[in-house]
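In what follows, a single structure is set out as structure tokens and then discussed.
The values are calculated or read from the model by the stated rules, or taken from the named source; none is laboratory data. Every value quoted in this text rests on a predicted model; they were computed, and no experiment measured them. Positions of Cβ are backbone-derived with ideal geometry, glycine not excepted, and every protein chain shown enters the neighbour counts.
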Amino acid sequence: MRSVLYVHPNIRSLDASESVHGAMLVTDGRIAALGTPVDLAARATPGTETIELPGEVVLPGFHDAHIHTGNLAREIGAPDLRGLASLDDALGVLRDYATANPGDTWVLGGRWDRNAWQGRPEPTRHHLDQIFGARPVALPSVDGHSVWANTAGLRAAGITAGSGDPVGGRIAREAGGTEPSGLLFESAMDEIRELSEAAIAADLHLYLREAHRRLLATGITHVTNFEGEDVRAAYTRLRQDGELGLRAHLGLSMDALDLAIGEGRRTGDGDEWITTGPVKLFSDGALGSHTAHLHHAFEGDPGNQGIEVIPFAQLCELVDRAVTHGIAVATHAIGDRANTLVLDAYERAHAQTRAAGLTNRIEHAQHLHWADVPRFTELGVVASMQPIHCTSDFPLSVELLGDRDIAHYPWRSLIDAGALVAFGSDAPVEPENPLFGVHAAVTRMRRDGVPPGGREPEQRVSLTEALRGFTSAPARAAGLGPEFGRLAVGAHADFVALSQDPYAVDPSEIAGLSVALTAVAGDVVHTA
């Protein structure tokens, strides 16, 4: 039996009591007692180790409610096109990468953002052909809902002038013709994404191990992850090898639903390290790619109401099939029309969902009809949201959606209506640092202070609500119970020590706080 007495004057439980303690006794990875250093020292066994924690505050470890750690892992060492001001800048980064990394393997990474480029030119396969030649390239956009490929990549995926647009997707064409331009949207990306990801599947666990180190350095001790069976296999291997450094609630891809049903997997199955999550479905695309499904067309893009990735009838069938077999559903929905349709589908399956003891979720829930806000509570649907999307999408969301009377990133309204709101990062779409998300949730501003006063500041949440959004709320959303996401007797000893106390600084400074120490199951796994 291993016992450690952790001492710090500001250990915040973040449970309903909002209690603060001076010491925490951990036995075999769980919290055995909380109290004063003197009281707990008297309870400690002779072999108990005493550790004084650094920093100004100790909090429960962060749980990212929506992340893609496989993609985060695959993009380690890949070209990074974020934050660039022009297409020429992006091509310069890619030329440097090609020079420094010769070979014939797939080129991944990217995360390019056409909306941030001067003049917003459309990238094409020809741009990439000039740099990479016959080496296949597949670069996801920053939102992950479009891919920029070269000719070799398109050919590898079998995409030609004769390829039709798939259901729920679009192949961009060269002007005046049918040749693919190199841009693929939504389901049109599926084949090229599978091919490019398969190229490193055998070593994915090694990349994932490094990605976990990055997450632990930000205080993340638990993830709700949405990816495919290759990522699940990588997690399983890390666990078997004794190298899994954090806990994971692993969602299923839609393609794996029948496999999971056949194997008898159920949401919630597993142990304290890995649990089976919900199946991930897609109702629409993303704002930046103009594929979010809207009730009314995008401003400046008449006739374009986005893409209904999974038609409603099929969505209803999938939801019913999943919950009937004990698998919860998490559906991606960004546009207001997409969110309405997902809630409609969940309402049709509400009785089956309750009978199975499951909780369905909407991932993102960014733009809602006001009438849909109370439906989350009425149907018991979790709003899995990413505060940093609100701030990073500004001012693009204003440009694309105008002043229409809908609820934009309505965290306050959802919480006040009684809904469970769980926060995440959507990394690698956004930075994985949860403190960036906490800052966005309490200020509704970007880290540079824009817009002054915050976007729709009436939708801000309190600091405690924001921290719970990244700790206990994701655990509840995953059905994990009270032993996760808080510092209380019987809970798992997953915690983080921060350099400064967010309760003691101006909200604008929260994003700049750093992690001094991270512990999982009572073991220190990161120190600054």
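Look at LEU25 and say whether it is buried (at least 18 other Cβ atoms within 10 Å of the Cβ) and either closer than 30 Å to SER253 by Cβ or in contact (Cβ under 8 Å) with a residue 40 or more places away in the chain (or both).
no
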Open item on the list: Tell me whether segment 263-273 contains one or more residues that are touching a residue at least 40 places away in the same chain (Cβ under 8 Å) and in contact with a Phe, Trp or Tyr (Cβ under 7 Å, 6 or more places away or on another chain).
Closed with: no
Open item on the list: under 18 Å from TRP273 (Cβ atoms) and small (Gly, Ala, Ser): is that true of GLY479 in this structure?
Closed with: yes
Task: Failed item in (1) of a type in the set (A, V, I, L, M); (2) within 27 Å of ILE362 (Cβ to Cβ); (3) buried (at least 19 other Cβ atoms within 10 Å of the Cβ); (4) touching a Leu at 6+ places or on another chain (Cβ under 7 Å), with MET254 passing the rest - done: (3)
TODO: Find the residue count for segment 94-112, including only residues that are farther than 22 Å from HIS68 by Cβ and modelled with pLDDT of 95 or more.
DONE: 8
TODO: Would you be able to tell me the number of residues in segment 415-428 that are surrounded by fewer than 24 Cβ atoms within 10 Å (Cβ to Cβ), farther than 17 Å from ALA478 by Cβ and in contact (Cβ under 8 Å) with a residue 40 or more places away in the chain?
DONE: 3
- [ ] State yes or no: is SER187 touching a Phe, Trp or Tyr at 6+ places or on another chain (Cβ under 6 Å), of a type in the set (S, T, N, Q) and not assigned by TED's automatic domain parsing to the domain that holds VAL279?
- [x] no
TODO: Kindly indicate the residue of segment 179-204 that is outside any helix (DSSP H, G or I) and at pLDDT below 95 and also surrounded by the most Cβ atoms within 10 Å (Cβ to Cβ) among those meeting that condition.
DONE: GLU186
Task: Matching residues, segment 120-141, being within 24 Å of LEU400 (Cα to Cα), part of a loop (DSSP other than H, G, I, E, B) and touching a residue at least 12 places away in the same chain (Cβ under 8 Å) - done: PRO121, GLU122, PRO123, THR124
Task: Within segment 142-174, tally of residues that are in contact (Cβ under 8 Å) with a residue 60 or more places away in the chain and more than 22 Å from PRO428 (Cβ to Cβ) - done: 3
Open item on the list: Is it the case, given these coordinates, that GLY55 is at positive phi, in contact with a strand residue (DSSP E or B) (Cβ under 8 Å, 6 or more places away or on another chain) and buried (at least 22 other Cβ atoms within 10 Å of the Cβ)?
Closed with: no
- [ ] Return the residue satisfying two criteria in turn: it lies in segment 450-480 and is in a loop (DSSP other than H, G, I, E, B) and more than 21 Å from the chain's Cα centre (by Cα), and of such residues it is nearest to ALA419 (Cα to Cα).
- [x] SER462
TODO: Among what's in segment 352-388 and is part of a helix (DSSP H, G or I) and in contact with an Asp or Glu (Cβ under 7 Å, 6 or more places away or on another chain), pick the residue that is surrounded by the most Cβ atoms within 10 Å (Cβ to Cβ).
DONE: ILE388
TODO: Would you be able to tell me the number of residues in segment 389-400 that are farther than 16 Å from GLY469 by Cβ and either among the charged types (D, E, K, R) or surrounded by 16 or more Cβ atoms within 10 Å (Cβ to Cβ) (or both)?
DONE: 6
Task: Exclusive hit being buried (at least 18 other Cβ atoms within 10 Å of the Cβ) and part of a helix (DSSP H, G or I), set LEU34, LEU40 - done: LEU40
Open item on the list: Can you go through LEU238, LEU244 and tell me which one is closer than 16 Å to THR69 by Cβ, in a loop (DSSP other than H, G, I, E, B) and more than 14 Å from the chain's Cα centre (by Cα)?
Closed with: LEU244
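Could you list, in sequence order, the residues of segment 65-112 that are assigned to a loop (DSSP other than H, G, I, E, B) and buried (at least 20 other Cβ atoms within 10 Å of the Cβ)? Even if it seems obvious, please write down each step before you answer.
So in segment 65-112, the residues assigned to a loop (DSSP other than H, G, I, E, B) come out as 68, 75-79, 81-86, 101-106, 108-109, 111.
Once the filter is applied, which keeps residues that are assigned to a loop (DSSP other than H, G, I, E, B) and buried (at least 20 other Cβ atoms within 10 Å of the Cβ), segment 65-112 yields HIS68, GLU75, PRO79, LEU81, TRP106, LEU108, GLY109, ARG111.
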- [ ] Count, please, the residues in segment 70-88 that happen to be more than 30 Å from ALA233 (Cα to Cα) and touching a residue at least 12 places away in the same chain (Cβ under 8 Å).
- [x] 5
Open item on the list: I need the full set of residues from segment 437-449 which are under 12 Å from GLY512 (Cβ atoms) and surrounded by 23 or more Cβ atoms within 10 Å (Cβ to Cβ), in order please.
Closed with: VAL438, HIS439
Task: Tally of residues being free of Cβ contacts under 8 Å to residues at least 12 places away in the same chain and under 19 Å from LEU401 (Cα atoms) across segment 317-348 - done: 0
TODO: Within segment 389-411, work out how many residues are on the phi < 0 side of the Ramachandran plot and part of a loop (DSSP other than H, G, I, E, B).
DONE: 8
TODO: Inspect segment 284-301 for any residue being acidic (Asp, Glu) and either crowded, with 18+ Cβ neighbours inside 10 Å or assigned to a strand (DSSP E or B) (or both) and give the result as yes or no.
DONE: yes
